[in-house]
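Let me begin by presenting the structure, written as structure tokens, before commenting on it.
The values are calculated or read from the model by the stated rules, or taken from the named source; none is laboratory data. Just so it is clear, the structure is predicted and the values come from calculations on it, not from any experiment. Neighbour counts run over all protein chains shown; Cβ positions are idealised from the backbone, glycine included. Areas reflect the complete protein model, heavy atoms only, side chains present, ligands, DNA and RNA absent. Shrake-Rupley method; radii C 1.70, N 1.55, O 1.52, S 1.80 Å.
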Amino acid sequence: MSDDGRLLTSGGVQTAAISIWDVQTGAIVREVADGRLSPRSLTFVGNDTLVAINDNGRVLRLRLGDGSIFQQPYMHDMSAMASVVLDETRLCTAGS
């Protein structure tokens with residue numbers, strides 16, 4: 001859920017897509033489909049950025065305004081499975 005509690009996300013490994021929902025109305029406000037997506041974990045950073053941990057362990061950051069992927073942080077040899085956002089510039093990942 002976004003920091004302001006207005007948005008919720010859903011997605012799945014099989015879909016290569018993410019849906020962003022308005023909690024109050026239940027309507028989808030944006031759908032992002034991209035071949036680079038296979039989201040296992042989704043985390044908001046504030047109200048305008050989303051971090052996706054993919055099934056392959058890659059981390060992607062998306063702008064909610066236009067759905068664009070704007071950062072693919074370098075990952076070492078550990079595949080990320082989950083994330084915790086520390087602040088707008090730091091992300092902690094865990095995996096195997």
Legend entry - Hits in region 1-10 - residues which are open to solvent by less than 50 Å² (accessible area, probe 1.4 Å) and part of a strand (DSSP E or B): 7, 9, 10
Inset, instruction - Of the numbered conditions (1) part of a loop (DSSP other than H, G, I, E, B); (2) exposed (fewer than 14 other Cβ atoms within 10 Å of the Cβ), residue 70 fails exactly one; give the number of that condition. - result: (1)
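Could you list, in sequence order, all residues of region 20-46 that are of a type in the set (S, T, N, Q) and either over 14 Å from residue 2 (Cβ atoms) or exposed (fewer than 13 other Cβ atoms within 10 Å of the Cβ) (or both)?
As a first pass, look at region 20-46 and keep what is of a type in the set (S, T, N, Q): 24-25, 38, 41, 43.
24, 25, 38, 41, listed by residue number.
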Inset, instruction - Scan region 26-33 and give yes if some residue there is within 16 Å of residue 70 (Cα to Cα) and of a type outside the set (Asp, Glu), otherwise no. - result: yes
Inset, instruction - Starting from region 54-65, keep only residues that are within 14 Å of residue 32 (Cα to Cα) and in a strand (DSSP E or B), then list their pairs with residues that are among the acidic types (Asp, Glu) and open to solvent by 10 Å² or more (accessible area, probe 1.4 Å) whose Cβ atoms are within a distance under 8 Å, requiring at least 6 positions of separation or different chains. - result: 63/48
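Evaluate region 74-82: report whether one residue or more is modelled with pLDDT under 85, in a loop (DSSP other than H, G, I, E, B) and of a type in the set (A, V, I, L, M, F, W, C). Explain how you work it out, then say what you get.
Taking region 74-82 first, the residues modelled with pLDDT under 85 are 74-82.
From the residues that got through so far, the ones that are in a loop (DSSP other than H, G, I, E, B) too are 74-79.
With the extra rule that they be of a type in the set (A, V, I, L, M, F, W, C), the set shrinks to 75, 78.
Looking through region 74-82, at least one residue is modelled with pLDDT under 85, in a loop (DSSP other than H, G, I, E, B) and of a type in the set (A, V, I, L, M, F, W, C).
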